[in-house]
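Trainee: Input: one structure, supplied below.
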Amino acid sequence: GFVPLAGPSPTSSIHVYTQREVYGTVGSHVTLSCSFWSSEWISEDISITWHFQAEGTRDSISIFHYAKGQPYIDDVGTFKERMEWVGNPHRKDGSIVIHNLDYTDNGTFTCDVKNPP
């Protein structure tokens, strides 16, 4: 007979959506959108982390963290003075804005959402 393969339950998954490529002009600002969808209710413990990996490097740094209902801009890198939290987890939005863009901002930004349990 047919044997179903055991795997993670689809009910507990969370899907995160970002734009594939975003372009901005030096000196202007850009919104990095991150929206997510979960089949479960959004818990009070939801956390959102943004990472940045500069073009041509292997290292990724954490630049922003949302946890326990509060946004925290990480005190590293060149973004700390130029970042603005515009998301709202209850609206399933984890977006940030980077102000005063520079050439050094070129790279990969990753949005990671956790909705425990």
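The values are calculated or read from the model by the stated rules, or taken from the named source; none is laboratory data. In this text, all values refer to a predicted model and were calculated from it rather than measured experimentally. Neighbour counts are summed over all protein chains in view; Cβ atoms, including those assigned to glycine, are modelled from backbone coordinates with ideal geometry. Ligands, DNA and RNA are stripped out before the accessible areas are found, and what is left, the full protein with its side chains, is counted by its heavy atoms. Shrake-Rupley method; radii C 1.70, N 1.55, O 1.52, S 1.80 Å.
Trainee: Working only within segment 80-95, note down all residues that are modelled with pLDDT of 90 or more and not in a helix (DSSP H, G or I).
Mentor: Passing the criteria: E81, R82, M83, E84, W85, V86, G87, N88, K92, D93, G94, S95.
Trainee: On to the next question. Would you mind finding the one in S43, S62 that is within 15 Å of the chain's Cα centre (by Cα) and modelled with pLDDT under 95?
Mentor: Going through S43, S62 in turn, just one is within 15 Å of the chain's Cα centre (by Cα) and modelled with pLDDT under 95: S62.
Trainee: Among the residues of segment 102-117, which ones are open to solvent by less than 20 Å² (accessible area, probe 1.4 Å) and more than 12 Å from T49 (Cβ to Cβ)?
Mentor: If the condition is that a residue be open to solvent by less than 20 Å² (accessible area, probe 1.4 Å) and more than 12 Å from T49 (Cβ to Cβ), then D105 is the only one that fits.
Trainee: Taking segment 53-76 on its own, how many of its residues are closer than 15 Å to G94 by Cα and surrounded by 11 or more Cβ atoms within 10 Å (Cβ to Cβ)?
Mentor: Qualifying residue count, segment 53-76: 9.
Trainee: Oh, and also: Could you tell me whether I48 is modelled with pLDDT of 95 or more and surrounded by 11 or more Cβ atoms within 10 Å (Cβ to Cβ)?
Mentor: yes
Trainee: Which pairs do you get when a residue that is over 18 Å from F79 (Cβ atoms), found in segment 29-47, comes within reach of a residue that is small (G, A, S) and open to solvent by less than 60 Å² (accessible area, probe 1.4 Å), reach meaning Cβ atoms under 6 angstrom, with the pair 6+ apart or on two chains?
Mentor: Final answer for the pair search is S47/A67.
Trainee: Is it the case that F79 is surrounded by 14 or more Cβ atoms within 10 Å (Cβ to Cβ) and in contact with a Ser or Thr (Cβ under 9 Å, 6 or more places away or on another chain)?
Mentor: When the stated conditions are applied, F79 does not pass them.
Trainee: Condition first: over 21 Å from I14 (Cβ atoms), within 16 Å of the chain's Cα centre (by Cα) and small (G, A, S). Now tell me which residues in segment 65-117 satisfy that.
Mentor: Passing the criteria: only G107.
Trainee: Just for segment 36-45: of the residues that are open to solvent by less than 80 Å² (accessible area, probe 1.4 Å) and assigned to a loop (DSSP other than H, G, I, E, B), which one is nearest to P116 (Cα to Cα)?
Mentor: The residue in question is S43.
Trainee: Out of all the residues in segment 82-101, which are of a type outside the set (A, V, I, L, M, F, W, C), closer than 18 Å to G24 by Cα and open to solvent by less than 70 Å² (accessible area, probe 1.4 Å)?
Mentor: R82, S95, H99
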